Every structure is written in structure tokens, then in C-alpha cells.
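One structure is given here, and the rest of the page talks about it.
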Amino acid sequence: MNWKLNNQIIVQGTENSHQMLQCINQMKSYGVEVLAAISSGHPLIALEEIPIFDLVEEAIQKIGTVETSIIFASSEHVLDVCLEAIAAGIKQLIIITAKIPPLDTIKLSKIAKLNHIFILGPGSAGIIIPQKLCLGTLQPEYFSLGNVGIISYGQSLIYEVAWILNQAQIGQSLAISLGQDKIIDSSLLHWLEILNEDQATEVIIVIQTAQDIDYSSLELMSQSISKPVICYIFGSQTPKGKVFRQGVEILNNHLSHSLPDIYSFRKTISNVKKLGVTLTQNPSEIPQLIRKLL
Amino acid sequence: MDLLEYQAKKLFRQIGIPVLPSETIAEPRELKQLRIPYPVVLKSQVKVGGRGKAGGVRFVANTIDAIAAARTIFNLAILGEYPEIILAEARYNAERELFLAIVLDYQLQRPVLFGSICGGIDIEKLMQNLQQVVVDTEFSPFLARRLGSQMGLSGQLLLAVSGIIEKMYELFCTKDLELIEINPLGVDAQGNLMALDGKITIDDYALTKHSEFTNLSTFKREEVQQKTTHISSFPAFSTTEPKIKTNLSIPKSIRWLDWQDKKGKIAILVNNDDIASLCWDLIRQRKEKPACAIILDDLAGQESLFKQQFLEMMETLRQMNSVKVLLLNFWETEVVNRAIAKTIWELFESSPQDTNSLTGEDRAIIPINDSLERSRRSSSEIKLDDNISESSQSIKLVIRLAASNIEQYQQEFCHDEIFWTNNLEDAISQAIALSKMK
């Protein structure tokens, strides 16, 4: 089962109309058709030619099946509007809204899994396939068509990397923002597999922060992904503290009653290198690494 | 957001987790009206741990001792934090101390129940005996009993402890917690339980869902004025507080990250945390020191606010004395990029840096650093020494915008103290070179 991405979508969360409108206009230039906007009862705003409905199921009844919804709802409503979309038969959700209460995201993940729903986010800027598809808030003017896939959690560094690639006359096949929340439903491994199978992609770049490297995914990746992967790790020179994910680590850190030390990332980075992953901490090195790998 | 012990205990009381009679004290003389019988324990209400070892927990037998101890505690900073409140609590004789906690595990994406038979201040022993149960699907009381059994408990005590875990879990879910901890959970000779300390961390992302927590700082002062002991009905969390709605059109202010290097000469101004990390990395990889990082969230359509905040930020940077260069790196739409460029250029054009577009009165109020004052005085005299020229005190700007037509920016927004580029590596090099100039 895989993502079925096309140009026809609905949007949810009209209470954040400013952000939603900006995104819709941007996507329009890429040929994306917003077939309906769901207001969930919030005060209606005029959305030019886009029909507005209170419920997703009302919209689907009128316009027919739609695969994808892009969610702009406020963080405390996201779980509810996503559940509504799933109940109405939407199979793919791109959640732009960030900072969703983690317990909500966990609930959503469980239900998504049961119903075979694909989710990007929360806190995702969406996906872009240059000259083909743009779903989300990634600005198309910064991308050019090519053979390099980019996977990142946030969107800003996608721009920086794309810029460097463009300067070196290297284009992008696909760029995806997995989401900036601490708990996201998107899976790094899943998207690595998608890019691995994608005909247009020849090299994959994964962008991660030094304080929160998804080591286990990288381990699995080295076994299942055949295309060359470059891991760009940022933030190792910053004073940011390590992000603790495991319960025991969190508890240990919480109980240790001292000011947090600046965690040394050298060990983690050398472990990643031992996996045989091509690694860089400076994005300007990426073009030459690509030339070496291809 | 971390709650203080007395706030956590208030929630415990509401949900039925046993806690001792207690009163909150904002000033030592309030102890004269204490309604709890002595001996009493006075506890510093700070968010950091390790109060006991640092002397923030004291047992007192009478009012005079209590007031003296309170004075000491109020003046005791624990890991840099002074208490605003002291909690006075009845004394308790625990035969044993257990540890219970529920933590959101971000790896497993599930809440995890933790318990240790060795509760108390010996953290090493506590961790060595730590047990955990992952709440994988739905919670049910048998999971709590499983944890208790893993801890080595049985019979009545197992049931009692499970009951506490169930209530902790209920709080965890209904209040969107990140962490809830009872350490120690005291067990007396009869097998009764008492939560002797409590820690609760509410997930920041969930604050909009819980109006009772959004105004917690003002709430703290209010509730101290309505102080009662636990016997009378405790003021419940206010539900009349207006709910703060997340509204994306509310302008967010400039945010300074707590990365500071006093020797650093290059300040970073960006519109995203990740870009700040990138710029910081690049500067440090060249063995130079960035001074600080400032984030401007949500720029679109906030031009006048941006102007004001930019000026305030420049002033703060000037007062830092060491900063010579401000590096900007923005990723916005072309329209917004241009608006920012124009605004900054206009600010620089209209007001040369040593006046910073403030009136004379403003200058008198804001403390001006010595070197700036010296340069202003010296500019009126004829000076051949370059070191004290006016321009040496002004902060140069290196602005990186990813525009293909960057030459247009260079022409249209031309200024001695602003350097435009669309290449980040060049921007870094330029910033470093400028920071080394006298």
C-alpha cells in the first residue's frame, strides 16, 4: 500500500484562513485543485471559487471521492478534524499544524494504523515533486527538477540544501517534510523506501538534528535501501541539549538533579559513520559527495 | 511546563491521591497563623530537584524555629532558583518509601508506568530497582497491578499502590501530562499510603486545551491570597479564566535563544530555529565564535511590528559591546523578503547608527556604553586615530536572501554598512571578515 498523490484535495481548518489561503494560492500555481474547504462550523470566510462545507462527509457527497486532505486546524482541534476526515473516507492526511498535544497524536496514530491511513506530520510543510506536484507550504520557486530526493523533518533546511544543489546544477526529484513535532506519524523509513523505489531519484539526502538522530531507522535503512544516502546532520556545534526519547532516559535525566551538560555528539556521529552512511555536517559538501557516489 | 509541588498536590487532592494537610507560605510571618500542628516540615517550592540535599527542606518544632527556617529557605537559591512560596506540611512517619512515575516515551510513542521499591533520595538505588510497564493499547487496572507486582509488592499493598497508579494515569490523560511523579510515596506501619512529594510536567503543546493552566503565574499569586488548609474546600482551578485561543494572526515577538557567547562577535538573526543551528554550525566550523541567535517567527504582514522589534534588538546588540556583525538569513516569499530588505535599509538610511533613531530623551534613559559615548564626543573633535571613529562602533549587517536577482538588492538598497548576498557560505565569510576589522 502506498501514497496515491494527485492534484485534487480538500483542506480543513478555515479558522486559520490566512495561512490556508496563502498555501492554496501557492499550490494553485502548481495546478492543485482544492475541491472543498471544511469549516467545521467556524465563521465562514470567502474562498473565491472554493465551496465551503461544515462537514467532510457533506463535501464528499457533493464532490465525490477525494484521497487527500491538508489540515490547517488549530492544534487543539487537529485530532478531531482528522478523525472526521478518516470517518468520511479520506485516506491521506497532510497535517500542516504543529504543536499538537502528543497524546492526541498517539490516539490519531493508532486509529490511522487500524484504518490504513497515511499521515504526514504533524508540523509538516508537505511534499513537492518539482514541476509535478506541490501539496503543502513548501515554496515551489526554490526547487528545480532533478535526481536528488530530500527528506527532512522541518522545511527550512530543505530550502538551504535545494539552494546548494541548484547552484551546482543538481535538481531535486522529490522533497518531503516529515513534521517538526516531537511525536509524528510520518515514518522516515517508509519515505526512504518510497524514494528508493522512485525511478527519478538516484541519491537520497536525509536531514537530521545532531541532538535527535533516528539511529534505529538509519540502521534498518542500511539493510534495506539500495540507493546511496547522504545524511546531513546539523546543530552539533550549537549548545542545544540532547533530546531524550526513551522513558528511562527521560526519567534518569529528570531525577539527576543537576544542570544539563552539553551532550557530546561525537559518539553518536561516529556510530552513524560505522553504519556505512555517508555523513556531512556542512551542506555545501553535498554536491561533491553526490558526484562521488554516482 | 513544570508545576511546583503544591500545585501538583492540589491536583492529587482533586483526583483522590492522598496528600498531607498543608499550607502555602509567601512570607515568614504568615507562619504565625499556621493551622497545622507541630512538628511541621517546611519545603522550598522550586522547580529543580535536589531540595533536600541543598537544605531546602527543614523540620521545625515551633513557630519561632519555623519563622527562622522560612527566612533561610526564602534566601536559599537551589541551582539558581529562589522560591516564591514555601509549603508547610504536617510531619509524616513513613516506614518505607516507594517511587511511582508515568512518563511519555517518545520512542515507543506510548505512556510508560514506572515504579521502584526504593523510593526516596538515593537515586542510584532507585534506578537500579526501576520497573516499567508500557501502556501499549488501552489502559486497564491490571497494568498497574503488573507494575506493582514487578516491584515486588503483593496483597493489600499491591492493591493500594495500583489504585494510586490508576489515579495518576487518569491525571496524565485528562491533563495532557508529559510526566507525573510521586517520590517518595510513603507507606506507614499500617500500610496506608501518602504522596509525600509530587512532580507534574504538563505538555506545553497542550496548554491551549487547558485554560486552567494558561495563566498560571498570575494564578499563583491569586491563590496564595485565598490560602486555606486542605480541610476546607480548596479553591478549584479557575474555569472562568478566558481561554487563550491560538490565533495565527497574533504577532509573535522576537525570540532570543539562550545560546550566548560573550566573546562572540557575530549575532545571528533568522526566521527559523533550524537555520539558526545551521549558521551557528558554519561559524563555529570556521573556528569563529557566534555571539547569540535571534529568531523572528511569523513575519508575514507585520511590517510595523518588525521595525520596532528590529530597532530594540539592534540596541540590545549594541549594548552587548562585543557584537560587530549581524548576520541575517531569511527564507520567506519574494514579496516578504523584499519588504524586510526595504524596511531594514530605510532604517539604516534614515538614522545613522550612533543615534539609532532615538530622541535625545530616549538616549538619556537607555544606558549607553562607555565606548559609544566616547566616540560621540570624539567625533566633534578632529581625530586622526581610526580606532575611535564613529563607524567602528556601528554593527555591520550581512544579509543573505535567496534571491536570484541579488544584484538588484545591492543596487536598490545600497548602504555602507549592509552587505547583500544570496550565498550562505559567502555570507559567513563576509561576516567573519567584518568581525575581524577594527
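The values are calculated or read from the model by the stated rules, or taken from the named source; none is laboratory data. Note that the coordinates shown come from a computational prediction; the quantities given were computed from them, not determined experimentally. Because the Cβ atoms are built from the backbone with ideal geometry, glycine has one as well, and the counts that use them run over all protein chains shown. For the accessible areas, the whole protein counts, side chains as well, though only heavy atoms, and no ligand, DNA or RNA atoms are used. Shrake-Rupley method; radii C 1.70, N 1.55, O 1.52, S 1.80 Å.
For A:L174, all conditions in the list (1) within 12 Å of another protein chain (Cβ to nearest Cβ); (2) open to solvent by less than 50 Å² (accessible area, probe 1.4 Å); (3) not aromatic (F, W, Y) hold save one; what is the number of the exception? Result: A:L174 fails condition (1) only. Within the set A:S69, A:S74, the sole residue that is under 20 Å from B:D298 (Cα atoms) and open to solvent by less than 10 Å² (accessible area, probe 1.4 Å) turns out to be A:S74. Only strands (runs of 3 or more DSSP E) whose full extent lies in the stretch B:4-73 are considered here, and the ones with at least 3 residues that are farther than 20 Å from B:I121 by Cα and not acidic (D, E) are B:22-25.
Within the stretch B:266-288, residues that are within 7 Å of chain A (Cβ to nearest Cβ) and open to solvent by 10 Å² or more (accessible area, probe 1.4 Å) have Cβ atoms under 6 Å from residues that are among the hydrophobic types (A, V, I, L, M, F, W, C) and not in a helix (DSSP H, G or I) in no pair, counting only partners at least 6 apart in sequence or on another chain.
Contact annotation: residue pairs with Cβ atoms under 9 Å, 6 or more positions apart or on different chains, pairing a residue in the stretch B:70-87 that is over 16 Å from B:F59 (Cβ atoms) and in contact (Cβ under 8 Å) with a residue 40 or more places away in the chain with a partner that is crowded, with 17+ Cβ neighbours inside 10 Å and polar (S, T, N, Q), are B:F74/B:S44; B:E84/B:Q45; B:I85/B:T24; B:I85/B:S44; B:I85/B:Q45.
Take B:L104 and tell me if it is closer than 25 Å to B:L207 by Cβ, modelled with pLDDT of 95 or more and outside any helix (DSSP H, G or I).
Numbers: closer than 25 Å to B:L207 by Cβ: yes; modelled with pLDDT of 95 or more: yes; outside any helix (DSSP H, G or I): yes.
For B:L104, the condition - closer than 25 Å to B:L207 by Cβ, modelled with pLDDT of 95 or more and outside any helix (DSSP H, G or I) - is met.
Among the residues making up the stretch B:190-210, those that are more than 25 Å from B:K43 (Cβ to Cβ) and either polar (S, T, N, Q) or in contact (Cβ under 8 Å) with a residue 60 or more places away in the chain (or both) are B:D203, B:D204, B:L207, B:T208. Scanning the stretch B:151-177 for residues that are within 14 Å of another protein chain (Cβ to nearest Cβ) and open to solvent by 60 Å² or more (accessible area, probe 1.4 Å) gives B:E170, B:T174. Might you check whether a residue that is open to solvent by 60 Å² or more (accessible area, probe 1.4 Å) and assigned to a strand (DSSP E or B) occurs anywhere in the stretch A:86-104? No, there is no match, as no residue in the stretch A:86-104 is open to solvent by 60 Å² or more (accessible area, probe 1.4 Å) and assigned to a strand (DSSP E or B). From the residues in the stretch A:208-229 that are closer than 21 Å to A:A175 by Cα and touching a Gly at 6+ places or on another chain (Cβ under 8 Å), which one is most open to solvent (accessible area, probe 1.4 Å)? My answer is A:S222.
In the set (1) in contact (Cβ under 8 Å) with a residue 24 or more places away in the chain; (2) within 11 Å of chain A (Cβ to nearest Cβ), B:V187 fails one condition alone, (2). When we screen B:V48, B:V57 for residues that are within 14 Å of another protein chain (Cβ to nearest Cβ), in contact with a Lys or Arg (Cβ under 7 Å, 6 or more places away or on another chain) and open to solvent by 10 Å² or more (accessible area, probe 1.4 Å), the only hit is B:V57.
A:C82 passes every criterion in (1) open to solvent by less than 10 Å² (accessible area, probe 1.4 Å); (2) over 30 Å from B:L177 (Cβ atoms); (3) hydrophobic (A, V, I, L, M, F, W, C); (4) more than 14 Å from every other protein chain (Cβ to nearest Cβ) apart from (2). Just one of the listed residues (A:I184, A:I164) is open to solvent by 10 Å² or more (accessible area, probe 1.4 Å) and part of a helix (DSSP H, G or I), namely A:I164.
Note on the stretch B:31-45: among residues that are touching a strand residue (DSSP E or B) at 6+ places or on another chain (Cβ under 8 Å) and of a type in the set (D, E, K, R), the one that is least open to solvent (accessible area, probe 1.4 Å) is B:K43.
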